[in-house]
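As structure tokens, the structure follows; a few thoughts come after it.
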Amino acid sequence: MKKLIKFLSACTIIFLLLTSCGERGPVGPEGPRGPQGPPGPEVIPTSFEFEADLLQSNGFEFFRDIPSGIEVFESDVMLAYVLEDIDDGLEVWRKLPVTEFNNRGTLLLDFDFTFVDIRIFLDANYNLGSADQFEGLLIRAVHVPAAFLNNSMAMVQSVKQAETIGELESILGTDVKRLDTE
């Protein structure tokens, strides 16, 4: 009886191995079309770029008006990135705020915004001086309309934590439109 059970088990295993290793069959016909999904958003996220100088003479802050083609509401989110490097022809953008530790203390490159402008500024736990100046920082600001956020705090947090433009596009499920303002 034990030999019969071993024989049947071996036959079953061999049968399963041989039948699972065959060629894939032809693709079946396309299924019925599903129901129409909800309409997409009317406004898409938009980005714009500008150069900022953070100098002692301007109090280490730079204001840039939001371009007229972008309407910002109080419920919208604005993100800012600084061009950090160009590596093999690819732009490397870093999300603000950027923290730098030096021998004098901690320096912070940060931003804030209203519905009319965006401010790029330096903050430090020491007195800023001429050694802390930045000229020609290339900033990319991204406006994310509240329509994309669906009043969900989890979505707002995800958007704020997006480290790259690609990650932001992935979270929102759409491309970020670049607005040329120059």
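Readers should treat all values here as calculations from the given coordinates under stated rules, not as data from a laboratory. Here the structure is a predicted model, which means the values were calculated and not measured. For neighbour counting, all protein chains shown are included, and Cβ atoms are generated from backbone atoms with ideal geometry for every residue, glycine included.
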Any lysines with Cα under 23 Å of the residue 177 Cα? List them, leaving off those in the same chain fewer than 8 positions away.
95, 160
Kirkwood hydrodynamic radius of the chain, Cα pairs, Å
20.7
List every residue whose amide H lies under 5 Å from the amide H of residue 179, counting only residues 5 or more places away in sequence or on a different chain, with H placed 1.01 Å from N in the peptide plane.
47, 48
Say a paramagnetic label sat at a point 7 Å from the Cα of residue 117, along Cα to Cβ; which residues of segment 59-80 have their backbone N under 12 Å from it?
61-66
Given H placed 1.01 Å from N in the peptide plane, which residues other than close sequence neighbours of residue 96 have an amide H under 5 Å from its amide H?
80, 81, 82
Taking only the Cα positions of segment 98-177, the convex hull volume per residue in Å³ is 138
Helix 2-20: inclination vs the chain longest Cα principal axis, degrees, rounded to 10, gives 50
So if the hydrodynamic radius of segment 59-145 is defined as the Kirkwood radius over C-alpha pairs, what does Stokes-Einstein give as its diffusion coefficient at 10 °C and 1.306 mPa s, in µm² per second?
111
As a test of the formula, what do you get for the chain when each DSSP H run with n ≥ 4 contributes -39,500 (n - 2.57) and the sum is divided by the residue count, at 222 nm and rounded to the nearest 500 deg cm²/dmol?
-6000 deg cm²/dmol
The farthest towards the positive end of the charge dipole of the chain, of the residues 138, 54, 155, given +1 on Cβ of Lys and Arg and -1 on Cβ of Asp and Glu, is 155
